[in-house]
Amino acid sequence: MSEKPLEAGPPLHKARYSIAWREFVAAFPTVAALAAVDGMLLLANVVMVYIGREHGNTTDVMPGMSHVLAYLSASSTIVALCLGVLCGAEEEENGTADFARRIPVPRLQIFREKMAGSLLAFLVWNVLAFALMILISHFAHGDNSRKLVSFMGDPYSFDYMRALILFTGGLAAGVWIGRVVVAAVVGGVGAVVLTNLAMIILYQMRRAHIDYYFLKTVNVWIYLGITALFLVLAAIRFQTREGR
Amino acid sequence: MPEFAIETQGLARQYGRRWVVNDLNLKVPEGAVYGFLGLNGAGKSTTIRMLMGLIRRHAGRATVLGLDPARDPVPLKQRVGYVAEAPAFYEWMTVEAVCRFVATYRPGRWNWLRAEDLIRKFRLQRDVRLKNMSKGQRAKTALVLALAFGPDLLILDEPTSGLDPVARREFVEGILAEFQDSGKTIFISSHLVNELAGLVDYVGVLHEGRLLRSMPTEDFLRSVRRVRMRFDDLAPTQITCEGLLKRRVDGREASVAVSDFDEERTIEQLKTFGPADIEVETLNLEDAFVEFIGAAERGEA
């Protein structure tokens, strides 16, 4: 360790270091790793198709846009779950949550800032995913980005609500359990069970010939309700849990 | 301005069925250096965490600088410098980054010159990540964060446990003494009692969650004494007196440690055993604490 004379070093100066930034920095490796895995899987898929064509395989197995979107949608929900769990449990597990509790900040502000950092990381993930899709659609299908946006606008192609539910589910489980792996299982399973329960209710309503557009509205409200429930659960625990 | 920087009434906390702090009535005067002494597991850290609003109390009341820690934890933390027994940080940050981080949440109070000065005094390297630091360096960093914003009250939970002897002396004789001179209050828990001897002007002795003594240090040292006796024949084995903490008999010599020492009364009582010579010994803070707490352990204090 080189001993730099402190007098000769640059003076400490004011700069903002927020909890949101910390959360973003902490989440970034996870996002980058998952993006890299996604990119490699898709690339391998495309390469395999080209190799197949070289060998006379004329079947069009090039991943279609809907496949790519479904794949990235699934990836997004996994990323959202990971970010939610990390946001809730990581600091609790490694003991650094106590650091934030000791500084003069309202606990719910810490909660808000942490969520903001995680959602910022999720935004970065989506930017990466979007860029990846543009590349794939351009090289594989010659599609333009406008067509891609129209695909993504379809809630059945790219379900952000599901990602939000998994994020908040992971967050709530993380805050209450404080162990990353256990919280990921509990939060993931909890979110899936609740969303499937909602789908069963919707299915039964559809069988009762309730108006389709009304059901779509109900669907959104159920999703929002589940998200709100997880958020409230997480906030209660965040506000009341004890520190050192 | 409240008369007491810290005041508790019947403060209590339990973990499971066990009361780790029980009916604690504490009064720390403004401007005092209060040594909060006790064995490991006595309830010192739990008390401090309740005073900082980090854990809930299960009974009683507490005010710190006139604020209720349970209701006003944020204004309280804005005014109180706290060093925990196990400092927690974001490990990837450097000393400089962690200072900036904390400074963000102490607007208007953080003193960069003071922070630089402390970093220099503690010989910390500002560009080293906290995860690569020794226990002592982490303790020093925690002290920088607690002192650089000019707190009105300093609450230290075993602050010197990770420090090397040089840094410990520097901390106690330099930094704490300087802080004390500014007329602000220091509440310090430590098992290194002797180091605090010249510094603390009040002591509180906590044992199994109960405050056994809380008084000016001088009064405590006056109240706990050791009396040595020499006998012409073998010393009697059943020497006793009021406030007896410990008895040691060795041939013609005997000694007793006494709490609530009263020169006239204690000597009078001991003379009834017929010693040829009696000598009263003043104890230092550590010896007085050890004698006192030893008796408490045996249920005799």
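FYI, it's all coordinate maths here, none of it is from the lab. This structure is a prediction, so every number in the text was calculated from the model and none was measured. With ideal geometry, Cβ positions are generated from the backbone for all residues, glycine too; neighbour counts draw on all protein chains shown.
Could you work out the mean count of beta carbons from other protein chains within 10 Å of each residue's beta carbon in A:100-111? Display every interim value, and only then the final one.
Details: counts 4, 6, 13, 10, 13, 6, 2, 2, 0, 2, 1, 0.
Mean partner shielding for this stretch: 5.
By the beta-carbon count within 10 Å of each Cβ, the least crowded to most crowded order of B:Leu192, B:Leu65, fewest first, is B:Leu192, B:Leu65.
If you rank B:Asp157, B:Asp250, B:Asp262 by fewest surrounding Cβ atoms within 10 Å, what's the result?
So the ranking, lowest neighbour count to highest, is B:Asp250, B:Asp262, B:Asp157.
Within 10 Å of the Cβ of each residue in B:70-79, the mean number of Cβ atoms contributed by other protein chains is 2.
Once you have the alpha carbon radius of gyration of the range B:126-197, what is it after dividing by 2.2 N^0.38 Å, with N set to its residue count?
Here the Cα radius of gyration is 1.10 times the empirical estimate.
For chain B, the equivalent ellipsoid built from the Cα gyration tensor has semi-axes of 41, 21, 16 Å, listed from largest to smallest.
Counting Lys and Arg as +1 and Asp and Glu as -1 over every other residue whose Cβ lies under 14 Å from the Cβ of A:Ile110, the net charge comes to +3.
For the range A:89-102, putting each phi into the Karplus relation 6.51 cos²θ - 1.76 cosθ + 1.60 with θ = phi - 60° gives couplings of 10, 4, 5, 5, 5, 8, x, 7, 4, 5, 4, 5, 5, 7 Hz, in residue order, rounded to whole numbers and with x for Gly and Pro. Remark: the range B:242-249, residue by residue, has Karplus-estimated 3J(HN,Hα) of 5, x, 5, 9, 7, 10, 10, 10 Hz, where x stands for each Gly or Pro and the curve is 6.51 cos²θ - 1.76 cosθ + 1.60 at θ = phi - 60°. Taking amide H as placed 1.01 Å from N in the peptide plane, B:Leu211 has its amide H under 5 Å from the amide H of B:Asn25, each at least 5 places away in sequence or on another chain.
Converting phi to 3J(HN,Hα) with the Karplus coefficients 6.51, -1.76 and 1.60 and the offset θ = phi - 60°, the range B:193-210 yields 4, 5, 5, 8, 3, x, 9, 7, 9, 9, 10, x, 10, 9, 9, 6, x, 10 Hz in sequence order, with x at every glycine or proline.
Once the cut-off is 15 Å, how many percent of the Cα-Cα pairs in the range B:224-277 end up in the long-distance tail?
In whole percent, the long-distance tail amounts to 36.
Projected over every direction and averaged, the convex hull enclosing the alpha-carbon atoms of the protein assembly as shown yields 37.1 nm².
Relative to the compact-globule estimate of 2.2 N^0.38 Å, the Cα radius of gyration of the range B:42-109 comes out at 1.27.
Let me know the whole percent of all Cα-Cα pairs from the range B:151-239 that are separated by more than 23 Å. In whole percent, the share of Cα-Cα pairs in the range B:151-239 beyond 23 Å is 40.
How would B:Lys246, B:Lys271, B:Lys77 line up from fewest to most surrounding beta-carbon atoms within 10 angstrom?
Arranged by neighbour count, lowest to highest, B:Lys246, B:Lys271, B:Lys77 become B:Lys271, B:Lys246, B:Lys77.
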